[in-house]
1. At a probe radius of 1.4 Å, what is the per-residue accessible area of Ser69, in Å² to the nearest 10?
2. Starting from the Cα of Cys72, move 7 Å in the Cα-to-Cβ direction to define the label point; list residues of segment 13-56 whose amide nitrogen is under 13 Å from there.
3. So for the chain, averaging the separation of alpha carbon pairs under 8 Å that are six or more residues apart and normalising by length, what relative contact order in percent results?
4. Past the 17 angstrom mark, what percentage of all C-alpha to C-alpha distances in the chain do you count?
5. Accessible area per residue, 1.4 Å probe, Å², for segment 16-85: what's the number?
6. Computing the accessible area with a 1.4 Å probe over protein heavy atoms, can you report the carbon and sulfur percentage for the chain?
7. So how much slack lies between Asp5 and Asp57, counting 0.36 nm per residue of separation and subtracting their Cα-Cα distance, in nm?
8. Give a residue-ordered list of calculated ³J(HN,Hα) values for segment 63-76 (Karplus: 6.51 cos²θ - 1.76 cosθ + 1.60, θ = phi - 60°; whole Hz; x for Gly, Pro).
Amino acid sequence: HMIGDSMEPTYISGDIILVDKSKAALKKDSIYVFRNNDELCIKRLLFSGKQIIILSDNKLYPSKTITNSEICILGKAIWYGRKTQ
């Protein structure tokens, strides 16, 4: 389940995200699930050489630039489900 508002409006808290773990080594700009230190994240990743730009879709959250060695990509987000009200 998605928790938090950093990826709104793309994903909202409570959405169920399907992750393709076979895409963990893929380095195309997209939305990925990854581990950064002890934190599990879902963010938009932009690859630029040895650097990765981490973007939230919610513009209230600033972008962050890190190196490839600072995260472990677990897979690519490929589908989501959402409860209707």
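The values are calculated or read from the model by the stated rules, or taken from the named source; none is laboratory data. This structure is a prediction, so every number in the text was calculated from the model and none was measured. Counting neighbours? That spans all protein chains shown, and the Cβs are built from the backbone with ideal geometry, glycine included. For the accessible areas, the whole protein counts, side chains as well, though only heavy atoms, and no ligand, DNA or RNA atoms are used. Shrake-Rupley method; radii C 1.70, N 1.55, O 1.52, S 1.80 Å.
1. Looks like 110 Å² after rounding.
2. Once the point is set 7 Å along Cα→Cβ of Cys72, 34-41 turn out to lie under 13 Å by backbone N, inside segment 13-56.
3. Numbers: 172 pairs, mean separation 30.4, N = 85.
Relative contact order for the chain comes out at 36 percent.
4. On the way: 1580 of 3570 pairs.
Value for the chain (Cα pairs over 17 Å): 44 percent.
5. Working: 4940 Å² over 70 residues.
Value for segment 16-85: 71 Å² per residue.
6. Numbers: 3100 of 5770 Å².
That share works out to 54 percent.
7. Values: separation 52, 0.36 × 52 = 18.72 nm, distance 0.91 nm.
Full extension of this stretch gives 17.8 nm more.
8. With coefficients 6.51, -1.76 and 1.60, one gets 6, 9, 10, 9, 9, 4, 6, 8, 10, 10, 6, 9, x, 9 Hz.
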